[in-house]
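Here the structure is laid out as structure tokens; the discussion comes afterwards.
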Amino acid sequence: MTTLVFLEHHEGAIQKGSLGVLSRAAALGGDVAGVVVGSGVADLAASAGSYGASTIYVVDDPAFESPLPQPRVDALEAVVSHSGAENVLFGASVLAADVAAGLAARLDAGLNWDVTDFSLDGGALVAKRPALGDTVLVDVGWTSTPRLALVRSGAFDPVETGGAAASVESVAVTPQDFSTAARMVEQAHEETSGPSIEDAEVIVAGGRGLGSPDGFKLAEDLAAALGGAVAATRAVVDAGWYPYAAQVGQTGKSVSPKLYIALGISGAIQHKVGMQNSGAIVAINKDANAPIFDFADFGVVGDLNQIAPKLAELVRARKA
Ligand SMILES: Cc1cc2nc3c(=O)[nH]c(=O)nc-3n(C[C@H](O)[C@H](O)[C@H](O)COP(=O)(O)OP(=O)(O)OC[C@H]3O[C@@H](n4cnc5c(N)ncnc54)[C@H](O)[C@@H]3O)c2cc1C
């Protein structure tokens, strides 16, 4: 079985989600390779060599400088053909979803979406994905090769194998004329300080219990004290209290920090599916019957307006 993993990168770093998918693919066995597409990315490709791949293919050309999907479809088509990959895996992101969909159309291949895990069944790749509003996990397969899959963000952590570094192999690709018709005019970056919720080891998440957009200052203050990031439930994102980029759950991001502190979050199933893989879950909620206490590791029943500032103060005092 040969597997190719799309290694997405931004600002000089390969995305944690891509490396997590590469690590999971390597753990399954077979011949696993990664592919880095961009301009001036040879060193970046080498940096991905310790996560269990035998080869990192690099398509390095100024034509791939902008993070546009369509030229990447050309690059992946060429690398799939060159490597004979039977499986092509992507860590979910806006760019990866576009590239995966484009590649599926180009290769007339099947793409399974929202995958949370893989296994081998008699040598055949089988994926798991949530269904029925994330209440059940179902097995999904493919009827042809290459098998394409987009993996939910945060599903796997990157694991360095400590084995031999992958060899880096260049593949020359010239994008199709129609793939270069779109040009990136401007790219805006979200202004954030501290880690993103995908990368953070500590997340302080806020729900409707924060009471108002201003209530998020409590979550931000506690996150700053802990060196973490702020996340939110859909209820508060829909209400315009916090940006969508911070939403965790079924229709948001999946995260797996070491510590997840939930402030005023009821623990609906659609939220739970996005954060249940966190190391330790701490819930602060004034309702002792809130569902979040059914799966939290530590629960505090009380008013977050009293508890969160005190906690931030104690963390700061301890750090000092
Ligand atoms: C198809 C679909 C997809 C969805 N996708 C998502 C998703 O991706 N992510 C997501 O989060 N939700 C999602 N939802 C919504 C989800 O069902 C819940 O409605 C939402 O998670 C609730 O958000 P909440 O916990 O902030 O609010 P609530 O459920 O209103 O909970 C607020 C909590 O705050 C507590 N509280 C209030 N005041 C205080 C206080 N002073 N101190 C302490 N505690 C206090 C209350 O006891 C309560 O438990 C989805 C729903 C559907 C139908």
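The values are calculated or read from the model by the stated rules, or taken from the named source; none is laboratory data. Predicted, not measured: the structure shown is a model, and the values here were computed from it. Ideal geometry is used to build each Cβ from the backbone, glycine not excepted, and the neighbour counts take in all protein chains shown.
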Task: Of residues in region 185-224 being over 25 Å from Q15 (Cα atoms), surrounded by fewer than 21 Cβ atoms within 10 Å (Cβ to Cβ) and touching a residue at least 12 places away in the same chain (Cβ under 8 Å), the one nearest to the ligand (Cβ to nearest atom) - done: R208
Open item on the list: With the structure loaded, tell me whether V255 is near the ligand (Cβ under 9 Å from one of its atoms), closer than 25 Å to L137 by Cα, among the β-branched types (V, I, T) and modelled with pLDDT under 95 or whether it fails that test.
Closed with: no
Task: Residue under evaluation K272, criteria (1) outside any helix (DSSP H, G or I); (2) within 25 Å of A245 (Cα to Cα), criterion not met - done: (1)
Open item on the list: Looking only at region 284-318, count every residue that is more than 10 Å from the ligand (Cβ to nearest atom) and charged (D, E, K, R) and tell me the total.
Closed with: 6
Task: Close pairs (9 angstrom Cβ cut-off, 6 or more residues apart or separate chains): more than 16 Å from V255 (Cα to Cα) and near the ligand (Cβ under 10 Å from one of its atoms) in region 231-245, among the charged types (D, E, K, R) and at pLDDT 95 or above anywhere - done: A235/R208; V236/R208; A239/R208; W241/R208; W241/D214
TODO: Being in contact with a strand residue (DSSP E or B) (Cβ under 6 Å, 6 or more places away or on another chain) and either hydrophobic (A, V, I, L, M, F, W, C) or in the same structural domain as K310 (by TED's automatic domain parsing) (or both) narrows it down to one of A280, A239, so name that one.
DONE: A280
TODO: Could you pull out every one of the strands (runs of 3 or more DSSP E) wholly within region 119-236 that has 3 or more residues that are in contact with a His (Cβ under 6 Å, 6 or more places away or on another chain) and modelled with pLDDT under 90?
DONE: none
Open item on the list: Quick test for you: out of G274, G249, pick the one residue that is within 20 Å of G194 (Cβ to Cβ), near the ligand (Cβ under 7 Å from one of its atoms) and either of a type outside the set (S, T, Y) or modelled with pLDDT under 95 (or both).
Closed with: G274
Open item on the list: Condition first: buried (at least 19 other Cβ atoms within 10 Å of the Cβ) and assigned to a strand (DSSP E or B). Now tell me which residues in region 238-269 satisfy that.
Closed with: Q247, V248, K253, Y260, I261, A262, L263
Open item on the list: So the check is Cβ under 6 Å with 6+ separation or different chains; which pairs have a first residue in region 295-309 that's assigned by TED's automatic domain parsing to the domain that holds A280 and within 17 Å of I281 (Cβ to Cβ) and a second one that's within 12 Å of the ligand (Cβ to nearest atom) and among the aromatic types (F, W, Y)?
Closed with: G299/F293
